[in-house]
Amino acid sequence: MSSPAASAKNDSNAASASAAATGLAPAVVPLMAIAMFINYVDRGNLATAGPLVKGELHLSGAAFGLLISAFFWSYVPAQIFTAWLAERFNAYRVLAFSLALWSVSTIATGFATGFVSLLVLRLLLGLGEGGMFPASSKLIGQHLPGEKMGAANGLIGVGLALGPAAGTLVGGLLMAKYGWRPVFLIFGVVSILWLIPWQIVTRHASAASAPAHREPPGFLAILARREAWGVCLGHFCNNFAFYFFISWMPLYLTQSRGFSVPQMAQIGGAVYLVYAASCYLVGKVSDALMARGVSATRVRKGALFINCTLVFASLLCAGFGNTALCIAALLVAGFAFGFATTTIYCVGQTIAGPRVAGKWVGVQNCAGNVAGIVAPWLTGVVVDATGQYVWAFVIAGSVALTGLLGWVVIIRKVEPLDWSSAKA
């Protein structure tokens, strides 16, 4: 007679094999990568427009940071709600509705007349974009084996990286020529066109995304796990540095380093291109290592160790170095972020298993994106108080390094948990 632990492990393996056998249509992951691209173009537009919006609406640094962080006031709780929807109903449709909502918000931002209207639209944008990660992680965790998660998450990470690249480079150049309002209108209309191919590809996929017969464990069961607190801490620390980076880099380069808006757009675009390449390469290499028998624990923890240490070092160099060293350090930071973007969702999807991936990533992303509320606002306060960005870089780099506690210490192994005794 087999032991309960062995039985649970066999059940977990059987569930993973069954889910993987279902598979995803070939176009689903590329379309999710495009959706992620759109997601980060639309959420980053305000940061790119910062030098123009801040002047036109006469905003202080703290007020502008508040607008950036307002996105996360709705985005953070939306993670839990959309994770429940993705597990309970149809993850394909949850993702479609989310994109439609945030596209409408982007279009409406072009008509904003002041701080209050921008604040409301940022809240609506966050509510819509909150469905992206829980729905996509549910589909990946349910239908792909561990040795294929790296490439899938890496491709989605490319979309995540190219979104700020396009928003910063293309959006910045267009804003410099035509103003910021027309760019929000154009990007919002283009975004909503994504729904056409998504509907065509996924219209027959409802059964594949239907919830399992057994109700997945509840949110309290997830929070009872040590590993959940590890991924939440690690994700928060990574996001703190990342959101500091994407929210304030345009203003930092123009105000502190003296670059023009077009020059800022070119530098920012180059950083995000390096970031995109890193996401793709890390995904491919991690899958190749796992296919050769290297454990998920070694592959995932190794990637996150590189991320935390490189981000810490590069942000310090960017804050204290001269202009040439600053640009080089920002490029290294972009490369380092690729290690985390590809890996942090693989960790959550693997530990949770196919039945719990949507809810788990909802919890993980909820905690991680609290950093989106704190980092932009705190940076504005620090910059206003000190008149410079040096201490903001020190804080962001130190928080990134603290993420090692979650990824390396609190999480013992990156392997599926036994949910046999967890209640729905």
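Every number in this text was worked out from the coordinates using simple rules, so none of it is lab data. Here the structure is a predicted model, which means the values were calculated and not measured. So basically every Cβ, Gly included, is an ideal-geometry build from the backbone, and we count neighbours across all protein chains shown.
Suppose every Lys and Arg Cβ carries +1 and every Asp and Glu Cβ carries -1, with no other charges. What dipole size does region 12-410 come out with about its Cα centre, to the nearest 20 debye?
Its charge dipole is roughly 540 debye.
With unit charges on the beta carbons (Lys and Arg positive, Asp and Glu negative) and the dipole taken about the Cα centre of the chain, which residue among Gly397, Cys237, Ile351 sits farthest to the positive side?
The one lying farthest along the dipole's positive direction is Ile351.
Roughly speaking, what is the stretch gain from Val190 to Gln388, that is 0.36 nm per residue apart minus the C-alpha to C-alpha distance, in nm to one decimal?
In short, 67.6 nm is gained.
Any chance you could count the Lys pairs in region 12-410 whose alpha carbons are under 27 Å apart, treating pairs 8 or more apart or on different chains as valid?
Summing the qualifying lysine pairs gives 11.
Evaluate E = 1/(1 + (r/R0)^6) for Val294 and Ala25, where r is the Cβ-Cβ distance and R0 equals 35 Å; express this FRET efficiency to the nearest 0.05.
After rounding to 0.05, the efficiency reads 0.75.
At 7 Å along Cα-to-Cβ for each site, give me the label-to-label distance between Thr323 and Asp418 in nm.
Roughly 6.2 nm, to one decimal.
Below 8 Å, C-alpha to C-alpha, sequence gap of six or more: please give me the relative contact order for region 12-410 in percent.
Once normalised by length, the contact order is 29 percent.
Using a Gaussian network for the chain with springs between C-alpha atoms less than 10 Å apart, which of these wobbles most: Phe133, Phe335, Phe115?
Looking only at Phe133, Phe335, Phe115, the largest GNM fluctuation is found for Phe115.
With a sphere of radius 11 Å drawn around the Cβ of Ala83, what net charge do the other residues whose Cβ falls strictly inside it have (Lys, Arg +1; Asp, Glu -1)?
Once all neighbours under 11 Å are counted, the net charge is +2.
If I model a spin label as a point 7 Å beyond the Cα along the Cα-Cβ vector, how far apart are those points for Phe219 and His58 in nm?
4.1 nm
Net charge within 13 Å of Ser295 by Cβ-Cβ distance, Lys/Arg positive one each and Asp/Glu negative one each, not counting Ser295 itself?
My count for the surroundings of Ser295 gives +4.
Charges on Cβ only, +1 for Lys and Arg, -1 for Asp and Glu, centred on the Cα centroid of the chain; of Tyr252, Ser117, Ala161, which one is farthest towards the dipole's positive end?
The listed residue farthest towards the positive side: Ala161.
Go ahead and estimate [θ] at 222 nm for the chain from helices alone: -39,500 (n - 2.57) per DSSP H run with n ≥ 4, summed, over the residue count, rounded to 500.
-27000 deg cm²/dmol
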